[in-house]
Amino acid sequence: MKEAVYIGTHPSAEPNLEELVGRVALGEEDAFASVYDMVMGPVLGTVRAVLRDRAQSEEVAQEILVEVWRTAPRYRSELGTAINWILTLAHRRAIDRVRSVEAAAARDHKAALLNHTPDFDEVTEQVEARLEREQVRRCLRTLTEIQRQAVSLAYYRGLTYRQVAEALAVPLGTVKTRLRDGLIRLRDCLGVTA
């Protein structure tokens, strides 16, 4: 077998990744195609190890290679090899995607919790009802004992006027008078206009 003599570089010696990235920095599309072919496998592997989802991994890998195209002028060989630079970009982008997905899930969870909280109007109604009950209780305390008993039996226990008269052992007319007077006092205390 004959040995070939070469002057300069070895004919089978393809440009190394650092040289190719340097050419990509100058905008050479052919150099980028070579970089793409050389690093797509390792980039995809790095990203997939973090994301574990094939579709997202492929998407992120594509984003990384676009980033390599855009940021190739920033690559500095004195700081490390081109493959380490690219795989560092890949790892960081994959971590960013995980954080983004987690943040979106947290936002969705928070939004779901907000959807289950009562509406503002519902809360307002509850507060108003509580305040009204307290005001009615306060106004009931301003009635005489006889008026309070008649009103409580008729309106809180649901007794008829006749049943109230029997429960208090007073004539029906007296019950009607006590209820009328008690309701007038309640109306005035509550500030209700007739």
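Read-outs: derived from the displayed coordinates by stated rules, not from any lab. What you are looking at is a predicted structure, and each value in this text was computed from that prediction instead of being measured. FYI the Cβ positions are ideal-geometry reconstructions off the backbone, even for glycines, and counts take in every protein chain you see.
Could you tell me whether residue 112 is under 30 Å from residue 56 (Cα atoms), within 50 Å of the chain's Cα centre (by Cα) and loosely packed, with under 12 Cβ neighbours inside 10 Å?
Details: under 30 Å from residue 56 (Cα atoms): yes; within 50 Å of the chain's Cα centre (by Cα): yes; loosely packed, with under 12 Cβ neighbours inside 10 Å: yes.
Yes; evaluated as a whole, the condition is true for this residue.
Would you pick out the residues in segment 145-160 that are surrounded by fewer than 15 Cβ atoms within 10 Å (Cβ to Cβ) and touching a residue at least 12 places away in the same chain (Cβ under 8 Å)?
Selection gives nothing.
From the list 61, 90, 82, which one is in contact with a helix residue (DSSP H, G or I) (Cβ under 8 Å, 6 or more places away or on another chain), closer than 17 Å to residue 20 by Cα and either surrounded by 12 or more Cβ atoms within 10 Å (Cβ to Cβ) or β-branched (Val, Ile, Thr) (or both)?
Working: 61 fails: closer than 17 Å to residue 20 by Cα; 90 fails: closer than 17 Å to residue 20 by Cα.
Answer to the selection: 82.
When you go through 92, 48 one by one, which is the residue that is touching a Lys or Arg at 6+ places or on another chain (Cβ under 9 Å), in a helix (DSSP H, G or I) and either basic (Lys, Arg) or free of Cβ contacts under 8 Å to residues at least 40 places away in the same chain (or both)? Spell out how you get there, then give the answer.
Values: 92 fails: touching a Lys or Arg at 6+ places or on another chain (Cβ under 9 Å).
Answer to the check: 48.
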